Amino acid sequence: MDIKKIIYRCLILIIVGMLGVLSIILILSRDLPSLEQLENYDPDLVTRIYSADGKVLNELFVQKRVFIELDKIPEHMQYAVVSSEERRFFDHWGLSMRSIARAGMINTLSLSYRQGFSTLTQQLARNLFLEKQKKIERKIKEILMALEIERKYTKVEILELYLNEIFLGQNSYGVTAAAQTYFNKTLDQLAPHEAAFLAALPKAPSKFHPVRKKDRLLERRNYVLREMWQNGYLNEIEYKSELNMPLKSVQNGDFTSFKSTLPPRDYFTDEIRRQLSRNFGEEEFFTSGMTVRATLDPEMQSVAAIALQ
């Protein structure tokens, strides 16, 4: 066959393929979720009940999440997540062409889908809007939404949303809740190796369980630490020191759980739950992040219970 005819037919096929892809993108772009959910970001939050002296009596939630502004999240926690999930987050506009090229090469050579190319912004779009979509349709919408998110929001705003939204296992959403769940610590108490522990989880929390998959989690944590060092977020001395730290967690019995430090749940907190669920609705009470100051005095309550007995 004439070489010119072969080239001509190949060009026709490429043009037809490109037109087909553009048509699909145009069709799906009409059905994209609105970004109003980001403009009015209102995630499920923990409701806390405090005693008269300011101590936590109980936490109630559907998704365990405590929202925190980015400037209150330690830098090593931010850098651990960026190093783990996407080291070039601050350099792109929603898509990483280098990651797309690498994924295309790996998947083509293996004749299977082995390598993804989602940026941190794409992950945010998927977590907020697209989890239940079919895979191919979701991936296209994910790309389109990531571009739109990057156009409307700064990197700081995107990273703040991501760090508060991401699921980290054990019904914990966001780094603040996860720090409490795995270490019973606040974010400012975390060492870099603990931040790297949390940053290892978004990929697949169930595959990096701190007890059942401890060796695998340790390997992933050390990978995150190495990335932090290579990206300039840790110096060599810090890196080697943190690398040698043991993998400790509440789940492994190394720390007391936050729940075990709370006073026994009794009729008093149950009555608060009943009254406020009746007043505000159960869903609102369990998801709106209320702060409830009760009249209960723990010491007097103990004395009263003993007197009654």
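Brief remarks follow.
- Distant-in-sequence amide contacts of LEU45, defined by a placed amide H-H separation under 5 Å and a gap of 5 or more residues or a different chain, comprise SER288, GLY289.
- Length gained when the stretch VAL156-ALA304 is fully extended (0.36 nm per residue, less Cα-Cα span): 48.2 nm
- Solvent-free Debye calculation, one equal scatterer per alpha-carbon of the range 155-282: log10 I(q)/I(0) at 0.09, 0.10, 0.20 Å⁻¹ equals -0.33, -0.40, -1.18.
- Checked against a 27 Å cut-off, the cross-linked pairs LYS152/LYS185; LYS141/LYS203; LYS135/LYS203; LYS64/LYS214 give Cα-Cα distances beyond that limit for LYS152/LYS185.
- Proximal aspartates and glutamates to LYS72, defined as alpha-carbon separation beneath 18 angstrom and excluding residues fewer than eight positions away on the same chain: GLU157, GLU160, GLU165, ASP188, GLU194
- A cut-off of 5 Å between modelled amide H atoms, ignoring neighbours fewer than 5 places along the same chain, links LYS185 with GLN180.
- ³J(HN,Hα) computed for each position of the range 82-95 - Karplus, 6.51 cos²θ - 1.76 cosθ + 1.60, integer Hz, glycine/proline x: 4, 5, 6, 8, 5, 5, 9, 3, 7, 10, 10, 10, x, 10
- FRET efficiency, LYS240 to LEU262 (Cβ-Cβ, R0 30 Å, nearest 0.05): 0.20
- Carbon/sulfur fraction of accessible area - the range 154-239, other protein chains in place, 1.4 Å, %: 48 percent
- Accessible area expressed per residue, the range 150-309, with surrounding protein chains retained (probe 1.4 Å, Å²): 56 Å²
- Extending 7 Å from Cα along the Cβ direction at ASP188 and again at GLU59 yields two label points whose distance is 1.8 nm.
- Karplus 3J(HN,Hα) series, Hz, for the range 163-169 with 6.51 cos²θ - 1.76 cosθ + 1.60 (x for Gly, Pro): 5, 8, 9, 4, 7, 10, x
- Each residue of the range 209-226 is assigned a 3J(HN,Hα), and the resulting list reads 5, x, 10, 5, 10, 4, 5, 5, 5, 4, 4, 5, 4, 5, 5, 4, 4, 5 Hz, derived from the Karplus form 6.51 cos²θ - 1.76 cosθ + 1.60 (θ = phi - 60°), x at Gly and Pro.
The values are calculated or read from the model by the stated rules, or taken from the named source; none is laboratory data. Not measured: the values here are computed from a predicted model. No Cβ is skipped: glycine too gets one built from the backbone with ideal geometry, and neighbour counts run over all protein chains shown. Only protein heavy atoms, including side chains, enter the accessible area calculation; ligands, DNA and RNA are left aside. Shrake-Rupley method; radii C 1.70, N 1.55, O 1.52, S 1.80 Å.
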